[in-house]
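Visitor: Here you go, one structure.
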Amino acid sequence: MAVSGLLFIGFVLGHMYGNLKAFAGEESFNEYAHHLRELGTPMLPYEGFLWIMRVGLIAAVIVHIACAVALWSRAAKARPVKYAVKKNRGSSISSRTMRWGGLTLLLFIVWHLLNFTIVKINPSNGDTGGENPYALVVDTFDTWWMTIIYLVAMVALGLHLHHGTFSSLQTLGLTNSATSRARARAAGWVVAIVVAGGFSLVPLSVLVGIIEK
Amino acid sequence: MKLTLKIWRQENPTATGAIHTYELDGVSKDMSFLEMLDLLNEQLVTSGEEPVAFDSDCREGICGMCSLMINGEAHGPEVTTTCQLHMRSFNDGDTITIEPWRAEPFPVLKDLVVDRSAFDRIIQAGGYISANTGSAPEANSVPAPRDKAMRAFNVATCIGCGACVAACPNGSASLFMGAKITHLGELPQGQPERWSRVVDMVGQHDHEGFGGCTNIGECASACPKEIPLDVISQLNKDLRTALKNGH
Ligand code: HEM
Ligand code: SF4
Ligand code: FES
């Protein structure tokens, strides 16, 4: 769980960086998307790098979900009778919402891939963008409810990363003192804010017209 | 003080229990929580009802028997054991809900009494060191570095009360296990069995049906002995090292 989660953290950081290319204009953004497909050629076939990443991420998703299901069912079996009254004293909203929040993210990722990769659903004019992912991004976030879906997903992602970052470091046994634990908690905040904030910049900028076609 | 008590009553391990409500008057602020329950039981016995069964032994915060979930908090609102909790932590007119620890490996025997022998089996699986019995060895013959000794002492204060399990949304006993693994793992005497210890204890823990840790941290906040969360990290680190070395 921790290892697959850390892979996702690496991925979202890279993906977020790529998205910020939207601020550099249509050409840079599309060039970057194109570059991802040519990365490693001629050593790798066209889209070879992309497929290595895809296979790796799919494997990580499977591991991550399998662990989540195992932990969830063990927890349910370990406490079959619930408390009539139970207070939260040491947990955070992020640590308490890992399971439902993770499911929300899964749903979002399915929708997101349909939106930008597999079907390229363009809710504003049906144009799939063809070789122009920049146009698809702008059209998407010109639609207010799409922006809302993405922003809600980023809140869920921020929460998931806030606890997930700390938790993975603790699971790997890297927080053996109060200081290192405080650092791991701080890392959770930084990753959550940078990633969720960074991802949210593009949709928000499209919505208010800073990024346009 | 006058209190309304909502208490879990359950005849025996297989009976279905329910929360019963009692009114209790004449509670003094200076009473301990268990003395308050003693008062309730006197009242129940006088009126010919079955007294509420609850556990206690030392009543001085060192044995870990007095396991009660009080208003949704293990051992109640203070960082201490139930026996060291006093009624001055409550107010006149309060409603107090009292439940047993809830975990499949801690079955309810009667009312508020649970069977915590799953903890004993975890300790038997690995929470020990092997030493010759007979005359005690010279105390300073095996030197322990000060920082390690301090850490070992701090986590050796675990009394095995089970509050960590009770508070954990996953029903995991990782804090309890981590405390023992850290305590023995920091000391020279704990080294010979160090790697098999963690593997065997975790194996027994999972076998007993405790949940898996997701580092939520309710345990450390509930612990009357303030065992810190880093013992779980230590457990994970020792487990990783042990598995890597083929234990
Ligand atoms: C506001 C947030 C986001 C925006 C604007 C965004 C935008 C995009 C775009 C435009 C693409 C297609 C790129 C191309 O055609 O080369 C894409 C692909 C993808 N995104 Fe996002 N994304 C966001 C958040 C996320 C998040 C949070 C995740 C996962 C946790 C994610 C996972 C993916 C994946 C897996 C792909 C497909 C990669 C592939 O196999 O080609 N995205 N995203
Ligand atoms: S770690 Fe704390 S809460 Fe858990 S059994 Fe030991 S003393 Fe009780
Ligand atoms: S009765 Fe011994 S710790 Fe409370």
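Taken together, the values in this text are just the output of simple stated rules run on the coordinates, not laboratory data. Worth saying up front: this structure is predicted, and the values here are computed from it rather than measured. Methodologically, a virtual Cβ is constructed for each residue, glycine included, from the backbone with ideal geometry; neighbour enumeration extends over all protein chains shown.
Visitor: Cross-link candidates for B:K2: which aspartates and glutamates have Cα within less than 17 Å, leaving aside residues fewer than 8 places away along the same chain?
Guide: B:E23, B:D25, B:D30, B:E35, B:D38, B:E42, B:D92, B:D94
Visitor: Show me, for segment A:82-93, the HN-Hα J-couplings you get by feeding each phi into the Karplus relation (A = 6.51, B = -1.76, C = 1.60, θ = phi - 60°), rounded to Hz, glycine and proline as x.
Guide: Karplus values, whole Hz, x for Gly and Pro: 7, 6, 6, 10, 9, 9, 9, 10, x, 9, 10, 4.
Visitor: What is the antiparallel percent of DSSP beta bridges lying wholly in segment B:1-133, to the nearest 5?
Guide: Working: 15 of 19 bridges.
In segment B:1-133, DSSP labels about 80 percent of beta bridges as antiparallel.
Visitor: How far apart, in nm, are two points set 7 Å out from the Cα along the Cα-to-Cβ line at B:A15 and at A:V194?
Guide: 5.9 nm
Visitor: Sequence neighbours fewer than 8 away in the same chain don't count; with that in mind, list the aspartates and glutamates whose C-alpha is under 12 Å from B:K110.
Guide: By straight Cα distance, B:K110 reaches B:E11, B:E50, B:D55, B:E99.
Visitor: Another one. Taking the Cα of B:L243, stepping 7 Å toward and past its beta carbon, and measuring to each backbone N in segment A:5-47: which are under 19 Å?
Guide: A:5-8
Visitor: Based on the Cβ-Cβ distance from A:V152 to B:V199, what FRET efficiency comes out when R0 is 41 Å, to the nearest 0.05? Write down the numbers at each step before the final one.
Guide: Working: r = 43 Å, r/R0 = 1.04.
Calculated transfer efficiency: 0.45.
Visitor: Roughly what would the spin-label model give for B:S47 and B:N140, points 7 Å off Cα along C-beta, in nm?
Guide: For B:S47 paired with B:N140, the spin-label model returns 6.3 nm.
Visitor: Around B:S67, which amide H atoms from residues at least 5 apart in sequence, or from another chain, sit under 5 Å from its own amide H, with H modelled in the peptide plane?
Guide: Under 5 Å from the amide H of B:S67: B:D55.
Visitor: Let me ask something else. Short version: ³J(HN,Hα) in whole Hz for each residue of segment A:156-169, in order, from phi by Karplus 6.51 cos²θ - 1.76 cosθ + 1.60 (θ = phi - 60°), x for Gly and Pro, what are they?
Guide: Working through the residues one at a time gives 4, 5, x, 5, 4, 6, 4, 7, x, 5, 4, 5, 5, 5 Hz.
Visitor: Taking 8 Å as the Cα distance limit and 6 or more residues as the minimum spacing, I'd like the relative contact order of segment B:91-247 as a percentage. Don't skip to the end; give the middle numbers.
Guide: Values: 204 pairs, mean separation 43.2, N = 157.
After rounding, I find 28 percent.
Visitor: Quick one: 3J(HN,Hα) in Hz for segment B:95-103, Karplus 6.51/-1.76/1.60 with θ = phi - 60°, rounded, Gly and Pro as x.
Guide: For segment B:95-103, the Karplus curve yields 9, 10, 9, 10, 10, x, 4, 10, 7 Hz.
Visitor: Right, next: Before rounding to the nearest 500, sum -39500 (n - 2.57) across all DSSP H runs of length at least 4 in chain A and divide by the residue total; then give [θ] at 222 nm in deg cm²/dmol.
Guide: -24000 deg cm²/dmol
Visitor: A follow-up question, please. For the protein assembly as shown, with the dipole built from +1 on Lys and Arg beta-carbon atoms and -1 on Asp and Glu ones, taken about the Cα centre, which of B:G211, B:A125, A:Y32 lies farthest toward the positive end?
Guide: A:Y32
Visitor: Ok, one more. What is the angle, in °, between the Cα long axis of helix A:98-113 and the longest principal axis of the Cα atoms in chain A? Nearest 10 is fine, range 0 to 90.
Guide: The answer is roughly 10 degrees.
Visitor: Also, I was wondering about something else. For chain A, please report how many Lys pairs fall under 28 Å Cα to Cα, leaving out neighbours fewer than 8 apart on the same chain. Kindly include the intermediate steps, with their values, before the conclusion.
Guide: On the way: A:K21/A:K120; A:K21/A:K213; A:K77/A:K86; A:K77/A:K87; A:K120/A:K213.
Lysine pairs meeting both conditions in chain A amount to 5.
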